[in-house]
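Below is one structure, written out as structure tokens, with a few remarks after it.
The values are calculated or read from the model by the stated rules, or taken from the named source; none is laboratory data. This one's a predicted model, so the numbers in the text were calculated from it and none came from an experiment. Glycine also receives a Cβ, built like all others from the backbone with ideal geometry; neighbour counts cover every protein chain displayed.
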Amino acid sequence: MTILDRIAALQQQVAELKAANQEELENLRIKYLSKKGEISQLYDEFRAVPKEEKAAIGAPLNVLRQSMEAHLNELREHLAAAGSSIVAGEDLTRTPDPIELGTRHPLSLVREEIVDIFSRIGFTVADGPEVEDDRHVFGMLNFAPEHPARDMQDTFFVEKEEGIQKPTDILLRTHTSSVQTRVMTEFARRLKEADATGKECERSLRVLCPGRVYRNEAISARAHCFFHQVEGLYIDKNVSFADLRQALLYFAKEMFGAGTQIRLRPSYFPFTEPSAEMDISCDLCGGKGCAFCKGTGWVEILGCGMVDPNVLESCGIDSTVYTGYAFGMGVERIANLKYRVKDLRLFSENDVRFLRQFESC
Ligand code: PHE
């Protein structure tokens, strides 16, 4: 083959050359462009070509070298774009570089801890819709249509008739007590069915209702238009306020430490009677009084009370036979106490610098 033929043959191959990885690419460079490579050899031979033929051979030879360089550059860029770092002969089944895992959200951590503590004394979890009707959020819970207690839980309406709130209005639930009305109604149905058929059934109810709730509040460091709750409900024969107090004391000690004290202050909720607000002893100052507890030695953590007979009746439960207690707490509030988060908005902003701090929790 003449030198021209060899140039032409190589020129035809250039576009076909492929490299699956950096090593193959390097082999191509060595084969064609290195000092001893095929194209370099052609240049060596070119030196011996008689003067009058130099132009006819030199031009296609230069074209060959340039197109080879351009093609290999293209292959290099291609490999870089594909991110291929695979080296021939490498074990392709090896474990890849570790993928960075996300962290548990602090609110999930706290919710699960609350659920875990109460599940140890027999509570199970119930779920219900966030978009609810007025009846389940307010009506069945003894809120009269125009009662001012509704103002404390101003909400977002999805479908509302003109005028005062109606049982059929559709709204975003303001508390997970709405799940309790559903669970109690189902409990009453089961009791009736068991009585009618003579079948056995569980004659008490112990549920936790965790979930997101919504209120029409201006967003600030201390309030948000949504937050999370865990509410609890226990219905049985002869449930007393002492049972409620004991369950909550157990919870406070499990959640905040064995030395934690509780106190119950009289309060008002339409669905409980009597109602109370529960405080725990401030763990920052040990109850002496500090800036965190505003000098009182106590911090408020939840609302509770004995289920109002009207609520039992509205769900179909005989209030002359059954009594019960209920409580409800904000998960953000408990998380704040545990982790001292100053701004409520951090919980929903998804800032990884905030979330990463809970990696080891
Ligand atoms: N549902 C009340 C609220 O959201 C909390 C609560 C639940 C109070 C049960 C008493 C009993 O504010």
Give me a count of the residues in the range 176-206 that are within 20 Å of Ile117 (Cβ to Cβ), among the basic types (Lys, Arg) and away from the ligand (no atom under 16 Å from the Cβ). 0
Do you know which residues across the range 225-238 are farther than 16 Å from Thr176 by Cα and either modelled with pLDDT under 95 or surrounded by 18 or more Cβ atoms within 10 Å (Cβ to Cβ) (or both)? Ile235
Condition set out of contact with any strand residue (DSSP E or B) (no Cβ under 7 Å at 6 or more places or on another chain) and of a type in the set (Asp, Glu), scope the range 291-333, selection surrounded by the most Cβ atoms within 10 Å (Cβ to Cβ): answer is Glu313
Among the candidates Arg353, Arg333, which residue alone is within 16 Å of the ligand (Cβ to nearest atom) and at pLDDT below 95? Arg333
Can you tell me which of Gly128, Gly139 is in contact with a Pro (Cβ under 6 Å, 6 or more places away or on another chain) and surrounded by 11 or more Cβ atoms within 10 Å (Cβ to Cβ)? Gly139
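Counting only residues that are assigned to a strand (DSSP E or B) and away from the ligand (no atom under 12 Å from the Cβ), which one in the range 287-316 is nearest to Glu186 (Cα to Cα)?
Result: Val299.
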Determine whether the range 250-259 contains at least one residue that is within 16 Å of the ligand (Cβ to nearest atom), surrounded by fewer than 19 Cβ atoms within 10 Å (Cβ to Cβ) and modelled with pLDDT of 95 or more. no
Considering residues of the range 263-272 that are assigned to a strand (DSSP E or B) and touching a residue at least 60 places away in the same chain (Cβ under 8 Å) only, the residue surrounded by the most Cβ atoms within 10 Å (Cβ to Cβ): Phe269
Checking the structure you have, find out if any residue of the range 250-262 is without any contact (Cβ under 8 Å) to a residue 40 or more places away in the chain and part of a strand (DSSP E or B). yes
Say we look at the range 161-175 and pick out the residues that are charged (D, E, K, R) and farther than 30 Å from Glu113 by Cβ; which of these is modelled with the highest pLDDT? Asp169
Quick one: count up the residues across the range 225-242 that are within 14 Å of the ligand (Cβ to nearest atom) and either among the charged types (D, E, K, R) or within 20 Å of the chain's Cα centre (by Cα) (or both). 6
Those residues that are in contact (Cβ under 8 Å) with a residue 12 or more places away in the chain and within 14 Å of the ligand (Cβ to nearest atom), I need them from the range 136-170; list them, please. His136, Val137, Phe138, Met140, Leu141, Asn142, Phe143, Ala149, Arg150, Gln153, Asp154, Thr155
Residues of the range 207-224 satisfying the condition of being within 14 Å of the ligand (Cβ to nearest atom) and of a type in the set (D, E, K, R): Arg212, Arg215, Glu217
What residue, of Met184, Met152, is under 34 Å from the mean Cα position of the chain (by Cα), surrounded by fewer than 15 Cβ atoms within 10 Å (Cβ to Cβ), part of a helix (DSSP H, G or I) and of a type outside the set (S, T, N, Q)? Met152
Let me spell it out: the conditions are (1) surrounded by 16 or more Cβ atoms within 10 Å (Cβ to Cβ); (2) without any contact (Cβ under 8 Å) to a residue 12 or more places away in the chain; (3) more than 30 Å from the chain's Cα centre (by Cα), and Asn336 meets all of them except one. Which number is the exception? (3)
If I filter the range 225-243 for residues that are among the β-branched types (Val, Ile, Thr) and part of a strand (DSSP E or B), do I get at least one hit? yes
Taking Leu92 as meeting all but one of (1) farther than 30 Å from Val331 by Cβ; (2) modelled with pLDDT of 85 or more, write down the number of the exception. (2)
Could you pull out the residue among Ser360, Ser319, Ser275 that is over 23 Å from Phe226 (Cα atoms), more than 16 Å from the ligand (Cβ to nearest atom) and either under 28 Å from the mean Cα position of the chain (by Cα) or outside any loop (DSSP other than H, G, I, E, B) (or both)? Ser360
